[in-house]
Amino acid sequence: MNRKAERLQVHSLYGGRCAYCGTPIEIQEMQVDHYLPLRRRKKNGLERDSIDNKKPACRSCNHYKRGLLPENFRKVLKKLHLRIAELYHIRVARSYDMISIKPFDGQFYFEKISSISAEEIPALTVQTKVDP
Ligand SMILES: [Zn+2]
């Protein structure tokens, strides 16, 4: 599969949305995330760069996840509300009731949509068959 076809396939996995936060992303802006970091895959004898290890990600999620394992990324996100609450401008804005901060609910977008049917998600196309 050529690079462009693979990008199209990855982009369509969750209806053109980031696998982690669910934000709609244009294919040109999509970053292809390695769900299990490449170094971990190699360590476990799995194919390093196969399509089954790729997820569409927005720039923010891909950069924030970096080379973390998915469960470690989840742990970092679960503490994010505590970290940003310490920022000066956030504290001021909260004092004036301008913003509120909610903790991460613990579920990535692709996990949320896996529990509902494809018909319930507009434009969702799930490809289960991967060409060799
Ligand atoms: Zn995202």
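Each value in this text was obtained by applying a stated rule to the coordinates, not by laboratory testing. Fair warning: this is a prediction, and the values are worked out from it, not measured in the lab. Every residue, glycine among them, receives a Cβ derived from its backbone with ideal geometry; neighbour counts consider all protein chains shown.
3J(HN,Hα) along the stretch 15-32: x, x, 10, 5, 5, 9, 9, x, 5, x, 10, 6, 4, 5, 8, 5, 10, 8 Hz, from the Karplus curve 6.51 cos²θ - 1.76 cosθ + 1.60 with θ = phi - 60°, whole Hz, x for Gly and Pro. Counting every other Cβ atom within 10 Å of each residue's Cβ, Asp33, Asp97, Asp49 order from fewest to most as Asp97, Asp49, Asp33. Projected onto planes of every orientation and averaged, the convex hull of the alpha-carbon atoms in the stretch 3-123 covers 9.3 nm². Working ranking of peptides 78-90, 5-17, 102-114 by packing, defined as the average number of other Cβ atoms within 10 Å per residue, highest first, is 5-17, 102-114, 78-90. Measuring against 29 Å, Cα to Cα, the residue pairs Lys55/Lys75; Lys55/Lys79; Lys54/Lys79; Lys4/Lys75 contain Lys4/Lys75 as the ones spanning a longer distance.
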